[in-house]
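Here is the structure we will look at.
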Amino acid sequence: MARNIEAKPGEQAPKPRIVQYNNRRYSIRLEPVFWRALETLAERNQMRLGKFIAELEETYQGKNFSSFLRVFSMLDAERGLAEGRLGDGRASLLDLVEACPTPGAILSHDRTIVSCNAAFTGWLGKPDSPIVGSELTAVLQIRTRRSLNDVWQDMVNGDTASIDARVLHVAPGRVSTAQGKILALPSDDPLTFYSVIWLTIAAQAR
């Protein structure tokens, strides 16, 4: 039975904490919900929070580490929702996409890349920023007959089952093109809407 949960924004004011690992100190301000999420992730990875944050910091190259930690926590929650929605067994859609030799990725309702397979990553080469967690059009140029926003909304609303597109990825000294097809996964709620994009590699120009 659904429960009504009263939101208490005042309890989510950012809290500063200092965590340490290997003689390094990290002073971070995060809302309690994100601290709890990071503690859960650290426990899941059998690490102390300090070590977990230190390892994340080694992979981060931006200027706002606190923002990165928030996004990292939200992405984990998004993937958890996707697993619940798409199936968390070994035959789940997430597993099938990740094992497929055809470049593919799973997208959330706001076109965030929730997961992608090795073929998708390989086709992109070595991107400057993480793929998972990025909005699709921040990674690829998507060209459709109508505005992508319009056809995407049609798909989320259930008015169309798929989108055909020409896909481009531009990197220094390299332009890759492909045919793309975005397939909607059935959903009664736009917030639990997911889709899969598959790429058919067309050509690669130097």
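Of all the residues in the range 145-162, those that are touching a residue at least 24 places away in the same chain (Cβ under 8 Å) and under 22 Å from the mean Cα position of the chain (by Cα) number 4.
Counting just the residues of the range 25-67 that are among the β-branched types (Val, Ile, Thr) and assigned to a helix (DSSP H, G or I), which one comes out surrounded by the fewest Cβ atoms within 10 Å (Cβ to Cβ)? Among residues in the range 25-67 that are among the β-branched types (Val, Ile, Thr) and assigned to a helix (DSSP H, G or I), the one surrounded by the fewest Cβ atoms within 10 Å (Cβ to Cβ) is Thr59.
Going through (1) touching a Phe, Trp or Tyr at 6+ places or on another chain (Cβ under 7 Å); (2) modelled with pLDDT of 85 or more one by one, Ser187 falls short only on (2). Screening the range 115-143 for residues that are open to solvent by 10 Å² or more (accessible area, probe 1.4 Å) and closer than 16 Å to Leu183 by Cα and picking the one that is modelled with the lowest pLDDT gives Cys116. Summed over the range 170-182, residues that are open to solvent by less than 80 Å² (accessible area, probe 1.4 Å) and modelled with pLDDT under 90 total 5. Within the set Asp150, Asp164, Asp76, Asp95, the sole residue that is assigned to a helix (DSSP H, G or I) and at pLDDT 90 or above turns out to be Asp150.
All conditions but one from (1) loosely packed, with under 10 Cβ neighbours inside 10 Å; (2) modelled with pLDDT of 85 or more; (3) out of contact with any helix residue (DSSP H, G or I) (no Cβ under 8 Å at 6 or more places or on another chain) apply to Asn22; the one that does not is (3).
The values are calculated or read from the model by the stated rules, or taken from the named source; none is laboratory data. Because the structure is a prediction, the values reported are computed rather than measured. All Cβ positions, glycine included, derive from the backbone under ideal geometry; neighbour counts span all protein chains shown. For accessibility, only protein heavy atoms count, side chains too; no ligands or nucleic acids. Shrake-Rupley method; radii C 1.70, N 1.55, O 1.52, S 1.80 Å.
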